[in-house]
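So the structure is just underneath, and the comments pick up after that.
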Amino acid sequence: MTGGCGMDQRAILVVEDTAPIAAIIEEVLNDIPAYQATAVGDGAAALAFVAEVRVDLVLLDVNLPGLDGFAIHDLLRARPDTATVPILFMTAGIHDEEFARRAVRGHIKKPFDLDDLMARVASALAGGGGAVGDGRVGPGGG
């Protein structure tokens, strides 16, 4: 495994199968000089990426083709090199039982505000796990 970005940058993997959403998130993150984001569209690509590049944070959609976000989460937690990498789930669904079973500390409810997402990313990279409020950001949320 190699480092994926410059010494001053934090590598962020965005796993999102909706290409326009992935592109927006990747672009917004890459506008921050301290971040180097890479977007992939499925679990196989995510696992291949983390096998080659050390990541500092994973933004993970739940509903993905092939392996879903929970399966990817479990596989990342089982790998010694990614076991402690913060994972911030992104979902339009309600998955409280799955989150509780996995002791998920950070998730963001779609649709989300990009400023809120950026705050969650900064918190996760600072060791906060991305958890802010109840994790529900968007209409009617925190």
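The numbers here are math on the coordinates, done by the rules we state, and not lab data. None of the values given here were measured: they were computed from a predicted structure. FYI the Cβ positions are ideal-geometry reconstructions off the backbone, even for glycines, and counts take in every protein chain you see.
Taking θ as phi - 60° and the Karplus parameters 6.51, -1.76 and 1.60, the scalar couplings of segment 73-81 work out to 3, 4, 5, 5, 5, 7, 8, x, 7 Hz in sequence order, x denoting glycine and proline. Here the gap between E27 and E52, fully extended at 0.36 nm per residue and compared with their Cα-Cα distance, gives a gain of 6.8 nm.
Relative contact order of segment 2-91: 31 percent, from C-alpha pairs under 8 Å at least 6 residues apart in sequence.
Gain on full extension, evaluated as 0.36 nm per residue between A83 and D96 minus their Cα-Cα distance, stands at 2.5 nm. For L64, the residues 5 or more places off, or on other chains, whose built amide H falls under 5 Å of its own are G69.
Let me have the relative contact order for segment 42-90, percent, based on Cα pairs under 8 Å that are six or more residues apart. Mind showing how you got there, number by number?
Details: 54 pairs, mean separation 22.7, N = 49.
Once divided by the residue count of segment 42-90, the mean separation gives 46 percent.
Averaging over all projection directions, the Cα-based convex hull of segment 2-91 occupies 5.2 nm² in the image plane. Amide H to amide H distances under 5 Å link V53 with T2, where only residues 5 or more positions off or on other chains count and H is placed in the peptide plane. Within the shell defined by Cβ-Cβ distances under 14 Å, the residues around E52 carry a net charge of +1, with Lys and Arg each +1 and Asp and Glu each -1.
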